[in-house]
Each structure stands twice: as structure tokens, then as C-alpha cells.
């Protein structure tokens, strides 16, 4: 069984460009996709002309692991493709006041109720990837501006955890920022296919912080900035335990770094 499910009025928009079926998206619009791996990849594409042009990303999932199929079912409560799962996760975050990429549609190819292939399409964010921002502008910023951004990200992650969401792929390059006013920043998070809901376990959430700290390259972030991220996350919630929390996150971050290389910006 093939199907494509659209958000809002997007079906009419894509129909204008002959994109209606699963194969229209999975094969034609994603033609020329590079990178990724044997399980998934992402490609950017645009439709329309001049001021009417819109840009999207399509993330395609091939041959999902059985554990991923089970994981999605556990979080949604029913059989769910990887494409639909990421679509639903984006909607869940946005509905709860957490900015993410705007889901446009998802498609799935199911065989006997089990996913064979799927995809999700999202609108391009009108913001800047944090890793790009850091690489291009970080060293020219005043210290207090750097601290303001890091503190803002800590507070942003606290809001995510407050709705009992865990993001094991929380890295610098999965955070986007927008300067909403001079010196004022808003944040968004992407890459949600491993997101978990209804997570109340404190250690699972803190491991998200450890992964983010792991991704903070020494070329741009000193220990004070790395610690500030955790302090801002903790705010008034942990009181005198903040130093212990920082030590724990730092320890877990070192363990992650020992197993995997840091991704350059």
C-alpha cells in the first residue's frame, strides 16, 4: 500500500507540479540525492518561480531497522513509518510551543502493515544552522553575546524536556537560530527520527545535554561556555546540585567523545 498524507492545503500546491503519488516524491523530486547512508538521506528541492518559489527538504527512509519500527510504534501507539513518525514529532513539538521544521507531508509504502519505504517533506527553515553561524560569526561576537546565545539554548532545551521529550540527536548542527531583534534569538531543533515522547527518566534527558556538549568544538567553546549551557538548562530547578549536574554531563560527554569523533562545522 502506498499513500501520501498532506498537512493543511499542501496537496493542491504539489498537484500543480505533478507531485501527488508516492513515487512522484520518493523518486522524481528526490532525484539526484547524494550523501546520507543506505538507510536514509536528505535532499533539498524548490518548486515555483521568482517570488512564488518555495524550498523544501525531503528525507527518505530505506529498509528501516526492525528496532526503529518497534520504537516508532511504542511512541505513537500504532504501526507507524519512519516518515510519518518524524512528521508527527515535528507537529508535536510545534503544537507544544517548540519551534522545528514545518511538516508538509509524509508518504509511506507498507507491506503487510510493515514499512518498506517512507519519506517526510518539510519547509526550509528561515533561520541559520547554529554550526554555520558559529563557524562564520562566533569569534567576532562579544563574550556577552556568546553567553546570551548559549544560555538561550540551555533554556530552549529545558522547555523541550519540560514536555517530556528526549532528543538523543541533540547536537550543535541540529539547532537553528533566528535573530528576532538585535541581540535577541529564537531557536528551533531538527532531526527528530529518534525523538522519544513521555520520557520522565532524568538520566535519559541529561544524556541529551552530554551529546550537545560533545558537539561543542573546543575551537569555539571553552569550558565556561560549555558549563553555562548546563547551568542555564538547570536554572532554579536543581539549586545546589548544579555543580554535580555539570560534572555528570561532562563525564558522559567525555564517554561519548571517546566512542565517536566530533563532527566539524
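Could you give the angle, 0 to 90 degrees to the nearest 10, between helix 202-214's Cα long axis and the longest principal axis of the Cα atoms of the chain?
Orientation of helix 202-214: about 90 degrees from the principal axis.
Can you give the angle from 0 to 90° between the axis of helix 242-259 and the longest principal axis of the chain, with both taken from C-alpha atoms, to the nearest 10?
The answer is roughly 50 degrees.
Kindly identify the chain as rounded, prolate or oblate by the Cα gyration tensor criterion: order the square roots of the eigenvalues as a ≥ b ≥ c, call it rounded if a/c is under 1.5, otherwise compare a/b with b/c, prolate if a/b is larger, else oblate.
Prolate, since a/c reaches 1.5 and a/b exceeds b/c.
To make sure I understand, if each residue's beta carbon is the centre and we count other beta carbons within 10 Å, what order do 27, 124 fall in, fewest to most? Intermediate results must be reported in sequence, preceding the final value.
On the way: 27 11, 124 14.
Ascending Cβ contact count within 10 Å gives the list 27, 124.
Shape of the stretch 128-259 from its Cα gyration tensor (a ≥ b ≥ c, root eigenvalues): rounded if a/c is under 1.5, otherwise prolate when a/b > b/c, or oblate?
rounded
Just to be sure I understand: if I project the alpha-carbon convex hull of the stretch 65-181 onto a plane and average over all orientations, what area do I get in nm²?
8.6
Over the stretch 17-154, what is the relative contact order in whole percent, taking alpha-carbon pairs under 8 Å and six or more residues apart?
20
By the gyration tensor of its Cα atoms, with a ≥ b ≥ c the square roots of the eigenvalues, what is the shape of the stretch 145-188: rounded for a/c under 1.5, prolate for a/b over b/c, or oblate? The partial results should precede the final answer.
Details: a/c = 2.14, a/b = 1.78, b/c = 1.20.
It is prolate, given that a/c is not under 1.5 and a/b is the larger ratio.
Counting other beta carbons within 10 Å of each residue's own, what order do 112, 10 fall into, fewest first?
112, 10
Tell me, what is the percent relative contact order of the chain, built from C-alpha pairs under 8 Å that lie six or more residues apart? It would help to have the intermediate numbers written out before the result.
On the way: 411 pairs, mean separation 42.4, N = 265.
Relative contact order of the chain: 16 percent.
Counting each DSSP H run of 4 or more residues in the chain as -39500 (n - 2.57), what helix-only mean residue ellipticity at 222 nm follows after dividing by all residues, to the nearest 500 deg cm²/dmol?
On the way: 8 runs with 102 residues, N = 265.
Roughly -12000 deg cm²/dmol at 222 nm, from the helical runs in the chain.
For the stretch 128-259, what is the relative contact order in percent, using Cα pairs closer than 8 Å and at least 6 residues apart in sequence? Numbers along the way, then the final one.
Details: 152 pairs, mean separation 40.4, N = 132.
Value for the stretch 128-259: 31 percent.
Would you mind computing, in nm to one decimal, how far apart the modelled labels at residue 256 and residue 137 are, each placed 7 Å from Cα along Cα→Cβ?
A separation of 2.4 nm, rounded to one decimal place.
Quick note: the coordinates plus some simple rules give every number you see, no bench work behind them. The structure displayed is predicted, hence computed values, not measured ones. As a convention, Cβ positions derive from the backbone with ideal geometry for all residues, glycine included, and neighbour counts pool all protein chains shown.
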